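The values are calculated or read from the model by the stated rules, or taken from the named source; none is laboratory data. Everything numeric in this text was worked out from a predicted model, so none of it was measured. All Cβ positions, even for glycine, are placed from backbone atoms using ideal geometry, and neighbour counts span all protein chains on display. Calculation scope for accessible area: heavy atoms of the full protein, side chains included, ligands and nucleic acids excluded. Shrake-Rupley method; radii C 1.70, N 1.55, O 1.52, S 1.80 Å.
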Amino acid sequence: MKKIAIVEDEPAIRENYIEMLSAQGYQVSGFADRASAEAAFKNTLPDLAIVDIGLGHEIDGGFLLCQTLRTLSKTLPIIFLTARDSEIDTVCGLRMGADDYLTKDISLAHLAARIGALFRRMEALEQPADANALITRGQLTLDTQRMQVFWQQQLIDLTVTEFWMLHSLAQRPGHVKSRNDLMNDAKIYVDDSTITSHVKRIRKKFIALDSAFDCIDTVYGMGYRWEQH
């Protein structure tokens, strides 16, 4: 049974998530603040952590907790689940090592789907590579089994959301994907500006590896497309 930790300072919200995930067959522990969570994690790590950013009097307590978790484990799946939806907060959360960043308007069913996707990715990483799961587009390789992306044979560290958005674009090079298409393919429900932020972060990760990268085109008023050069 997978163990999930939920760090959320609002008791009603915390209990709601605990009840929902317990019904999904997970063993769930809830924490109201960073201190109690850190004390527990130093003894035993969960299999996945769901963390709010604002924790009690600590406006950015979740960010600090994420940093602590990353010192304890480089691979533990971490999801930020918060009411804060600004691009700055999203970028900060992902840079600190979170695997996904979701806002609290997401449905419980979609939260469960994101958790399942992260567990499948972790399990896939432990399996032998499957050549049938590879998609190659020029210098780009996507491993749909392990949810990994390689550019020029070097790993690009994408979140689950970013992986499925890139997968959506790369499946049909030259075909324009609207922001709504990308949202549906990544199974997230956010506003257009958040989709734009995700695409910007994907580009930046490729450019950090290859300054000449220019395969994701913005099509004004329509969306984005993958251009294979």
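Which residue fluctuates the most in the chain, going by a Gaussian network model with Cα springs under 10 Å, if the choices are Val219, Val28, Val199?
Its mean-square fluctuation being the largest, the pick is Val219.
Relative contact order for the chain: what is it in percent, counting Cα pairs under 8 Å that are at least 6 residues apart? Walk me through the intermediate numbers first.
Details: 344 pairs, mean separation 27.9, N = 229.
Relative contact order here is 12 percent.
Among Leu118, Leu134, Leu158, which one shows the biggest mean-square fluctuation in a GNM of the chain, springs joining Cα atoms closer than 10 Å?
Leu134
What does the charge dipole of the chain about its Cα centre add up to, to the nearest 20 debye, if the Cβ of each Lys and Arg holds +1 and the Cβ of each Asp and Glu holds -1? Please list the in-between numbers first.
Details: 25 positive and 31 negative charges, 122 e Å.
Around 580 debye, computed over the chain.
Kindly sort Glu8, Glu19 by accessible area of their heavy atoms, largest first, with the probe set to 1.4 Å.
Numbers: Glu8 5, Glu19 130 Å².
Putting Glu8, Glu19 in descending order of accessible area: Glu19, Glu8.
In debye, nearest 20: dipole of segment 1-89 around its Cα centre with unit charges on the Cβ of K, R (+) and D, E (-)?
Working: 8 positive and 14 negative charges, 113 e Å.
The calculated dipole for segment 1-89 is roughly 540 debye.
What is the Å³ per residue value for the convex hull set by the Cα atoms of segment 1-113? Don't jump to the answer; show the numbers that get you there.
On the way: hull volume 10.3 nm³, N = 113.
Spelled out: Cα convex hull of segment 1-113, divided by residues, is 91 Å³.
When the helix-only estimate is applied to the chain (DSSP H runs of n ≥ 4, each -39,500 (n - 2.57), divided by the residue count), what is the mean residue ellipticity at 222 nm, nearest 500 deg cm²/dmol?
Values: 8 runs with 100 residues, N = 229.
That comes out to -13500 deg cm²/dmol.
Quick one: how many lysine pairs in the chain have C-alpha atoms under 30 angstrom apart, if they're 8 or more apart or on different chains?
Summing the qualifying lysine pairs gives 27.
Testing the spin-label approximation: label points 7 Å from Cα along Cα→Cβ at Gln67 and Asn180. State their distance in nm.
Reported label-point gap for Gln67 and Asn180 is 4.2 nm.
What is the diffusion coefficient of the chain in µm²/s, taking the Kirkwood radius over Cα pairs and the Stokes-Einstein relation at 10 °C with a viscosity of 1.306 mPa s?
Roughly 87 µm²/s, to the nearest whole number.
What percentage of all Cα-Cα pairs in segment 77-124 are separated by more than 12 Å? The partial results should precede the final answer.
Values: 700 of 1128 pairs.
The share of Cα pairs beyond 12 Å in segment 77-124 comes to 62 percent.
Could you tell me whether segment 95-229 comes out rounded, prolate or oblate from its Cα gyration tensor? Rule is a ≥ b ≥ c as square roots of the eigenvalues, rounded for a/c under 1.5, then prolate if a/b exceeds b/c, otherwise oblate.
Values: a/c = 1.59, a/b = 1.05, b/c = 1.52.
Oblate.
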